[in-house]
Structure formats: structure tokens, C-alpha cells
Amino acid sequence: MNFVFLGPPGAGKGTLAAVVASRFGISHVSTGAIFREAIKNQTELGKKVKAIIDSGGLVSDDLTVALVQERLASLKTGFILDGFPRTTGQAEALKNFAKIDGVVNFELDDDTVIRRLAGRRVCKNCGKNYHAEFTPPKVEGTCDACGGELYIRDDDKPEAIRKRLMVYNDQTAPLIEFYGDEIVPIDASKAPDEVLEEFVSKFNLNN
Ligand code: AP5
């Protein structure tokens, strides 16, 4: 199965995608994570996108589409596209190189989005997500999974959060109309286990 996960920043797309990918043996393709890895490793791509990402803007369609197309071509499994497409241009392009079986829209109000992003902590080493209030690590500042140090993403600062929400409403929310009847809504305000349960039930997936 190939999925697209749509929804505002901080809605829990990455959190659910990681669990679903591991449980069902499919690949989690997060454009944001690919860009962050490139920034961490100071590659040419990383240098090109760092300022855009830190400020909460969008990387160009051309660059992002080429990156996703290349990544999907290398996969031998189904996949979850987490954070792609994000513009109608990207969605049009995706039609030409992948078949999508389910488009999930994570529904969450702006106030909760802001609380989730403001409290997010990410492992520098393995990328696992935590939340200072909702899903804290056992030891503050340390990843339960690998012992790595937790940090706050540069784009989780208040000004960048505001910009990301604006960009989402302006450029990504129109994809809900673009996909129309294909959209499967998920109530992203529930606890992570309940969000997973709703996803599994809506797609009739077995464990
Ligand atoms: P990206 O990394 O994709 O950021 P995003 O879409 O803004 O999504 P987030 O990662 O912020 O949130 P999420 O929905 O995955 O939530 P999460 O699971 O972490 O993109 C970053 C940047 O890269 C973009 O701004 C852009 O610059 C660039 N980019 C990426 N893709 C692009 C594209 N296609 N085109 C152009 N540019 C692109 O959860 C958030 C927090 O809430 C965590 O702390 C988590 O622990 C907690 N949480 C999660 N679920 C729950 C729950 N159910 N209950 C309570 N807490 C929860």
C-alpha cells in the first residue's frame, strides 16, 4: 500500500508514519527528515535548503519533486509520503510517477498544533519524536530508544511556527480539495494509540 499523509505541521504525521511503517513493513518517506539529514551532514542540498526550512518556508517544487521521485524509484516496498505533496504542483507531478492507494488528512485545530510544536523534542541521533508534556522521554533530554540527545528544531520557534501555519493554509490546505473524495480524514487530536487505531480501522489493515 502507498499512502500520502496530509495535514498541518505538528499534526502527528511523522509520529504515526513511523509506527505504521515499522508495523506493516513499508517505507516512511519524510521530505522534512531528508532535508534535515542533508542539513546535518552539510551536503550541497543541505546548504541550499537550510535558511528556507529554518524560517518555515517551502523548498522549491522542482527540487522536492526530483528528490521524492528518486527516493521512490529506489524502494522495493510500499510507502508513506509524509509531508509530500505540499503544493498542487507537487501533487500533479506525483500522479506521473506513483500510484497512491490512500490519502490521509490529519485534522487538528491551530491551538493544538502550536502546543504540539512548541513542546516537540527530537533525537539528534535517530530522529525519534517526543513531546515535553504529552509523550516525554523517561529521562529528560535523552532518547529512550538510543540514548541520543534531544533538541528543539529551529523551525519549532514561535515565528517559524506562525509562518509554517500560514504557508500550510495558503499552499497545502488546497490539496484537500485537489484529492476530494479520495481523502480519508483522521481525528489527530486523540492520543497516539487511538490515532493508530482509527487509521488501521479505516484502511482495514491487519496487524
Ligand atoms: P516536515 O518535517 O514535513 O514538517 P511538517 O509538515 O511541518 O510536519 P512536522 O514534522 O512539523 O509535524 P508532524 O505532523 O510530522 O508531527 P509530529 O509527528 O512530529 O517539514 C519541515 C520543513 O521541510 C517544511 O517546513 C519545509 O520547509 C520543508 N519541506 C518538507 N516537505 C516539503 C515539501 N514537500 N515541499 C517543500 N518543502 C518541504 O508531532 C508533533 C509533536 O506532537 C511531537 O512532539 C509529537 O511527539 C507530538 N504528538 C504527535 N502525535 C500526538 C498525539 N496524537 N497526541 C499528543 N502528542 C502528539
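Here are the numbers:
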| read-out | value |
| --- | --- |
| Of Lys48/Lys124; Lys47/Lys138; Lys50/Lys124; Lys40/Lys128; Lys138/Lys163, pairs whose Cα-Cα distance is over 23 Å | Lys47/Lys138; Lys138/Lys163 |
| In order through segment 65-81: 3J(HN,Hα) via Karplus (6.51 cos²θ - 1.76 cosθ + 1.60), integer Hz, x for Gly, Pro | 4, 4, 5, 5, 4, 5, 5, 5, 5, 8, 8, 10, 10, x, 8, 10, 8 |
| Ser30 long-range amide H proximity, modeled H, under 5 Å | Asp82 |
| Rounded to whole Hz, the Karplus (6.51, -1.76, 1.60) HN-Hα couplings of segment 122-132, x for glycine and proline | 10, 6, 5, 8, 10, x, 4, 8, 10, 9, 3 |
| The chain: C-alpha gyration tensor shape, a/c 1.5 cut-off, then a/b vs b/c | rounded |
| Order of Asp193, Asp144 - criterion: other Cβ atoms within 10 Å of each residue's Cβ, fewest first | Asp193, Asp144 |
| Sum of -39500 (n - 2.57) over DSSP H runs of 4+, divided by residues of the chain (222 nm, nearest 500) | -13000 deg cm²/dmol |
| Order of Ile39, Ile186, Ile52 - criterion: other Cβ atoms within 10 Å of each residue's Cβ, fewest first | Ile52, Ile39, Ile186 |
| For the chain, with +1 on Lys and Arg beta carbons and -1 on Asp and Glu, the positive-most of Asn129, Asn206, Val20 along the dipole | Asn129 |
| Note, ³J(HN,Hα) from phi for segment 18-29, Karplus 6.51, -1.76, 1.60, rounded to Hz, x at Gly and Pro | 4, 5, 5, 4, 6, 5, 10, x, 10, 8, 9, 10 |
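FYI, it's all coordinate maths here, none of it is from the lab. If you're wondering where the values come from, they're calculated on a predicted model, not measured in any experiment. As a convention, Cβ positions derive from the backbone with ideal geometry for all residues, glycine included, and neighbour counts pool all protein chains shown.
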